[in-house]
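Everything below concerns the one structure shown next.
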Amino acid sequence: MARLVTVAGLALVLGILIGIGAVSLQRSANTPEARAIKDPETEQTAAANAVSEAPGRPVVIKMASSAPTSAPQIGTMAVSMVEKLSTASDGNIEIKVFEPNMLAPNGELFDKVADGTIDAVWSSPNFFAERDSVFWFFSTVPFGPSASEYLAWLSYGGGQDLMDESFARFNIKPIVCPVLPPESGGWFRREINTVTDLNGLRMRFMGIGAKVIRRLGVETLALNGGDTFYALQSGNIDAAEFSLPFIDLRYGFEKAATHYYFPGWHQQSSLITLLINMKVWDSLTEAQRGLINSVCGDNIRESLAEGEVQQVKALQEIRQRGVNVHTLPKPVLEALKASWLQVVKEESAANPEFKKVWESYHAFRKSYAEWRGLGYLP
């Protein structure tokens, strides 16, 4: 009898221990670690889904370009940006580029992106300066800074905040995408040795630089690329400011004039921007907006590096074709700079926004001047 009681007691203890072990095993099986071991495919699928959802829903942005996508840099950089963005976002952000005048005439692009008819526009802000002269500061400035100084003002001198404010009044978010190298000072049918040689010239000139050079007696005309070449070749105009040497060469300007002047005092650096309707911009996730900013930053790097190489090769070929490459005489540059400062006074008096941005831009350049003079070779 005593033996039976002992055996029954041992069986009861063993049953309790087995029961406790079963409960412990069940609890262990429900831990994240155990579930991962038991069903790793399910866990990996969930993680992949979380990553794919993080950037937000896929978006398609229709972008009108003010320049043909085949145009060196100002057009090709739009294509580069689209391709980089598609890769970086794994197809989550798609920008469809439309050639000039396809979504709307170029003259209507600003209004269309402002009212949301068009999602985005690829252009230089100076094309829209008739809406507000302040946009000149965010495209190119006569006697302006190098690309590095320009970017320093934008990124760390308050320039980007002012740019955002200026475009926000029109319901647009601006993002600098490429930055182009200096342009030439222009093509001339005869030499320019003194300031008086400018007086009476008929010259193709665009942008705020036209206001500057008109003060020295030049009659300026706004002409497109093809019309500019034929007007210069035929003698209907005496000179033409157009673009970078690489682009000038493609238009064949060496066949229309034999005197090519530098520096491009009116465009030392040129900003090309991606202008996005504000509602479209606000609808993007933080990750998507970050990708667009990052890709445009890389576009700046690429455009500066490519642009410098292109001009070296173009100048060599231009010289080989018999063109005389000159530097504008110092008195001419001094007269042009004095004229520019007069234009600044006029525009500042007429437009408070222009004055506000000029004061920020000028103060930054003034403080930067010591470093520029000490740190860089003359």
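The values are calculated or read from the model by the stated rules, or taken from the named source; none is laboratory data. Just so it is clear, the model here is predicted, and its values are computed rather than measured. Note that we place each Cβ from the backbone using ideal geometry, even for glycine, and neighbour counts take in every protein chain shown. Note: areas computed on protein heavy atoms with side chains; ligands, DNA, RNA excluded. Shrake-Rupley method; radii C 1.70, N 1.55, O 1.52, S 1.80 Å.
Summed over segment 83-113, the residues that are more than 18 Å from the chain's Cα centre (by Cα) and of a type in the set (A, V, I, L, M, F, W, C) give a count of 3. Taken over segment 246-280, the criterion of being within 18 Å of A78 (Cα to Cα), aliphatic (A, V, I, L, M) and touching a strand residue (DSSP E or B) at 6+ places or on another chain (Cβ under 6 Å) is satisfied by L271, I272, L274, L275, I276.
Scanning segment 315-361 for residues that are over 17 Å from G186 (Cβ atoms) and of a type in the set (S, T, N, Q) yields Q316, Q320, Q342, S348, N351, S360. Of the residues V121, V134, V141, the single one that is in contact with a strand residue (DSSP E or B) (Cβ under 6 Å, 6 or more places away or on another chain) and either of a type in the set (K, R) or in contact (Cβ under 8 Å) with a residue 12 or more places away in the chain (or both) is V121. For segment 340-353, the tally of residues that are over 25 Å from the mean Cα position of the chain (by Cα) and open to solvent by 30 Å² or more (accessible area, probe 1.4 Å) stands at 7. A count restricted to segment 294-304 and to residues that are within 16 Å of S89 (Cα to Cα) and buried (at least 19 other Cβ atoms within 10 Å of the Cβ) stands at 3. Of the residues making up segment 238-293, those that are charged (D, E, K, R), touching a residue at least 12 places away in the same chain (Cβ under 8 Å) and open to solvent by 10 Å² or more (accessible area, probe 1.4 Å) number 5. Candidates in segment 132-170 are the residues that are farther than 22 Å from W371 by Cβ and of a type in the set (G, A, S); of these, the one that is most open to solvent (accessible area, probe 1.4 Å) is A168. Residues in segment 66-83 that are assigned to a loop (DSSP other than H, G, I, E, B) and among the polar types (S, T, N, Q): 4 in all. Within segment 132-166, the residues that satisfy the criterion of being hydroxyl-bearing (S, T, Y) and farther than 24 Å from S184 by Cα are S155, Y156, S166. Applying the criterion of being in contact (Cβ under 8 Å) with a residue 40 or more places away in the chain and open to solvent by 40 Å² or more (accessible area, probe 1.4 Å) to the residues of segment 79-107, the residue that is farthest from T117 (Cα to Cα) is A88. When K366, K337, K356 are checked against the criterion of being open to solvent by 50 Å² or more (accessible area, probe 1.4 Å), in contact with a Phe, Trp or Tyr (Cβ under 6 Å, 6 or more places away or on another chain) and on the phi < 0 side of the Ramachandran plot, K337 stands alone in meeting it.
Filtered by the rule that a residue be in contact with a Phe, Trp or Tyr (Cβ under 9 Å, 6 or more places away or on another chain) and assigned to a helix (DSSP H, G or I), segment 112-127 gives V113, A114, P125, N126, F127. With respect to L291, determine if the residue is in a strand (DSSP E or B), under 21 Å from the mean Cα position of the chain (by Cα) and over 30 Å from G252 (Cβ atoms). For L291, the condition - in a strand (DSSP E or B), under 21 Å from the mean Cα position of the chain (by Cα) and over 30 Å from G252 (Cβ atoms) - is not met.
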